[in-house]
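Structure first, commentary second.
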């Protein structure tokens, strides 16, 4: 049996308290994961300053070189996993087994992680700049549903910041492997904490670390919303806006819309969850439905697999029921074209197949986000945009209307704004939120210097 | 001890329990000695407990005690007439689930803690040494009980101000930082006492023990024994406390208790227990059983999980078949305690979402 230990400043620790990870379909036990008690986490985090000091002994250039090596180890080598070893093929199978993600998605996400480890970060122009770290470490509360997010925190080491990780209960694999890859590449193990724990343990990590990153649902995000130390990755409510020529030529952007909605099984905060258009809403919804009706459950090793099963079948059924209960006045167009229910069973697995609704902006389903490929298509007047959009993590706007572009630029509800046909899934590592970890971890101070020897 | 010897001791303990049940039922349902609540209850029940309760199993006839009966006043309805004129104490439970439950007591807290005192090793809880009570103050039984324990063992008990209900309010409002500040306020009080006095023994809760050990090395401060309780303790916490917080020179005595029961003591751990915390109630004054949550009159098998059910049988208080907010595994009798025990008590999983636990 694979055992994934707690890592206390890099040292494995087997807890008396273990969680069991099961295969999503067979319910066979895959691993046991040591759980850290809150007091243990608190006690370890008293050492943050010492952990931080270790990384200060490296130059950034050295750390970037190590990160490149770590990327190679992550993608190609056998690495320790508790008392056993893990190959790249092993981790793909293990992630698929406990999360239900098809192998093709897992491999794509692994490449994403590898890419970010490999690239490191850009350097600063040669001006008189001084930055100070905002905390001695970064605590990260990770999700279970999307291995792709690991690429967001992994570069912290290159930014001289120790990592305190709480893995998601179904996806302990990737963060553990990233840590092992870094250690093999030459980062001292003491700068890593890996604490599988309950919600209280996660809260303690966020409270005790100088900086934090949280992946969570609406409730978790709300609990930490007022804390500037924490970068929150909750629901994104990401959107595509089509206006004037964009709405008129919608067919040209159908691939973009479908990809933004369905990539990664619709489980990312940057997946598009609604299309806001000034014309042709019905046609757009019908065309998306036509395309999504072809998506069905496939085996995890099938390279064509496009939707991931739910590790907890009840969750899929509850989500579907919630949608049906709010469906009044509209319909799931994909379900109508597919001719089978949204909840699908195959080989003992439960899937949610894509859903598209066309509705008014006031409808309960107009601005929602669910854990599968779901989108509403809403027709509005251009003058209502962006007011009608509400909080939006990523907004892709396809329009040549300069006044609308200006209003979108001025909106304080939009986290990332793409002008033109850019997928909402496309991440720019030098832009805020998705990639600019430096902005989160460091702050700029006023600085001048005349270097003279003081007599 | 052979199985035969243990079986004999279990049978003997059971016979004593049955005798004790008859004595307690006679006391509480005799119009001369019983309390108004139970006398009224019997008047409306249509059966006479004094005639029909012959042994412990017969207490099933009462059905499950409803904890709402203990909420609110007037509390004098619980004072046995047999104790008329005696000083009466009233203690309250945590109040984490609305209006707190009250329990009047005349002698129980002293008797319970004198019995508990007999289980403490003198080397780690030296007679005559002074105590720190780092736990809830206010209308808590613990506050007076620990003081009595210290006095019973010839020591003085130093106390802090700690209102756990305020902490619960802070947590429910999401003001975790304020709750943390309040915890530090309690720790500061404890540190002041520890620095000024020669304290060797302590009562504290798991969270406060962790917080205190973040500040000082208790062994260096001369602490020899810790009596810990008040909130849930997991096997992992048990290990963490012994291996990391306290070290080899401080004795750790985990307990499970509440205002209604008294104090269940921890059986000496063995390596096979893997840090499980195994408690035995102070029979025959209180009995803890593990029952099927859906059929509360049905005990689960040894090693099986169920809901904790308490029966309190003292002259101060009669509480038959009270379903606790906890679940645990049923533990077999042992040499030291020839009656049922409980293993790894934790919040009842069906209630977990609605209760704020473990806050002080």
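Of the residues B:297, B:258, B:40, the one that moves most in a GNM of chain B with alpha-carbon contacts below 10 Å is B:40.
Relative to the dominant Cα principal axis of chain B, helix B:36-45 is inclined by about 40°.
Across peptide B:231-237, the average count of Cβ atoms from other chains found within 10 Å of a residue's Cβ is 4. Mind pulling the angle between the C-alpha long axis of helix B:141-152 and the longest principal axis of chain B? Nearest 10 degrees, somewhere in 0 to 90. In chain B, helix B:141-152 runs at an angle near 80 degrees to the longest axis. With springs only between Cα atoms under 10 Å, which of B:103, B:143, B:350 fluctuates most in a Gaussian network model of chain B? In the Gaussian network model the winner is B:350. Quick one: angle between helix A:199-208 and the longest Cα principal axis of chain A, in degrees between 0 and 90, rounded to 10, please. Helix A:199-208 and the main axis of chain A meet at about 60 degrees. A Gaussian network model of chain B, with springs between Cα atoms under 10 Å, assigns the largest mean-square fluctuation among B:274, B:107, B:292 to B:274. Within segment B:3-354, DSSP assigns beta bridges of which about 65% are antiparallel (rounded to the nearest 5). Counting Cβ atoms of other protein chains within 10 Å of each Cβ in B:272-279 and taking the mean gives 1. Based on alpha carbons, the Rg and Dmax found for the protein assembly as shown are 31.4, 101 Å. Averaging 1/r over every pair of different alpha carbons in segment B:3-354 and inverting the result gives a Kirkwood radius of 21.2 Å.
For segment A:238-419, DSSP calls about 15 percent of its internal beta bridges antiparallel. Inter-chain neighbour count for A:35-43: the average number of beta-carbon atoms from partner chains within 10 Å of each residue's beta-carbon is 6.
Every number here is computed from the coordinates shown, using simple stated rules; none is lab data. As the structure is a prediction and not an experimental result, all values here were calculated from the model. We place every Cβ from the backbone using ideal geometry, glycine too, and count neighbours over all the protein chains shown.
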